[in-house]
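Here is the structure we will look at, set down as C-alpha cells.
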Amino acid sequence: SYYNLSINSTHPFSFFNRPFNQLFAKVYGRNGEHYIRSASSEFANGQLDFEADILETSSNDPQIRLSLKLSDSDYSQFIQDIFQDEFDSVNFDELKQLSLDLTLSSKGSLFYLTKHNGYGDFSINGENLAKIHLLGPFSKALEELKLSIGVFSLNRLESNFLIQKEKIAIENLEIDGRNSHVFGQGKIMIPDQSINLKIKVDLLKNINLSFSNLGNIGKILNPVTKVLNFNVTGTLKNQQWRSIFDPRNLFQ
C-alpha cells in the first residue's frame, strides 16, 4: 500500500522521448498516489528542478500536478529537444548563445498536455535574439555591408502565460534592446502551433526619446503609431507579420 524510493543517477535517460542528464529525486507512493519531491535533473544544458503529484484514476487517465523551474538552459537545444522534428527548417545556428529560464505550474492528464490548465513565465536572453529592420530589405542589405541603418537589435524577451487546455494565452510579451521596446499579447494553439498576437514596437523608448513618454499627446504626434503596430498570425514556424496600417487589412 505504500513505498519510499530514492533515485540518484548520473546516467542520461529519456522521458517521453525527451533527453535528460542525471536524476535525483525522492518518490513516495501512498494508495495509488505518487509524490515526486526535491527532484533535479539537467535538460537542454540547464538546471531543472521539479515536483509532481501523480494521481491514478479509474478511467486509465492518470492526472498530474506539476511544478518546475528550468534555469540557464540553451534555448536552441531546448527547442530541438521539446519540439524535435517540428522545426526542421529552422536554422538553429542562429539561435546559439541564447539562454532560457522557465517556470511552470500545471494540472491535467499525465499523457496529454492539451488537457492541462496552468500558468508560468519565461525569459530568453542573448545578443542575437532578434532585429527590427525598419526599412525592410533595404536595412538588411545595408547591414550586410556593415551599415546598421534602420536596424534595431533586441536582446531580452520575457513574458508570463496561462495554459488553458489547447490554448496558451500570452498575457504580456515584452522584448527589449538598448534602444527599443516591443510589447505584445495574444494566444498560441498547442495542437497546430497557430498564433494570433498583437505587437507594438517603440523604437526609441529605452533611450527616453519615445513619443510614448509624452502620454496622449505623444500618441497624436507620433507619425508611426499605426505603422509599427502589427498583427502576427500563422504558426510558430511560419509567422506572418502585417502592419495594422497595411491597406490590405481593409479587405479582411
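The values are calculated or read from the model by the stated rules, or taken from the named source; none is laboratory data. Just so we're clear, the structure is a prediction, and the values are computed from it rather than from any experiment. Note: accessible area is taken over every heavy atom of the protein model, side chains too, but ligands, DNA and RNA are not part of it. Shrake-Rupley method; radii C 1.70, N 1.55, O 1.52, S 1.80 Å.
In this model, which of K107/K237; K115/K237; K187/K237; K107/K167; K26/K167 are farther than 21 Å apart at the alpha-carbon?
Values: K107/K237 27 Å; K115/K237 23 Å; K187/K237 15 Å; K107/K167 14 Å; K26/K167 32 Å.
In this structure, K107/K237; K115/K237; K26/K167 exceed 21 Å between Cα atoms.
Taking the solvent-accessible surface of protein heavy atoms with a 1.4 Å probe, what is the per residue accessible area of segment 1-53 in Å²?
On the way: 3360 Å² over 53 residues.
Result: 63 Å² of accessible area for each residue.
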ask   = What is the gain in length, in nm to one decimal, between E33 and I244 on full extension, counting 0.36 nm per residue of separation less the C-alpha to C-alpha distance?
value = 70.8 nm
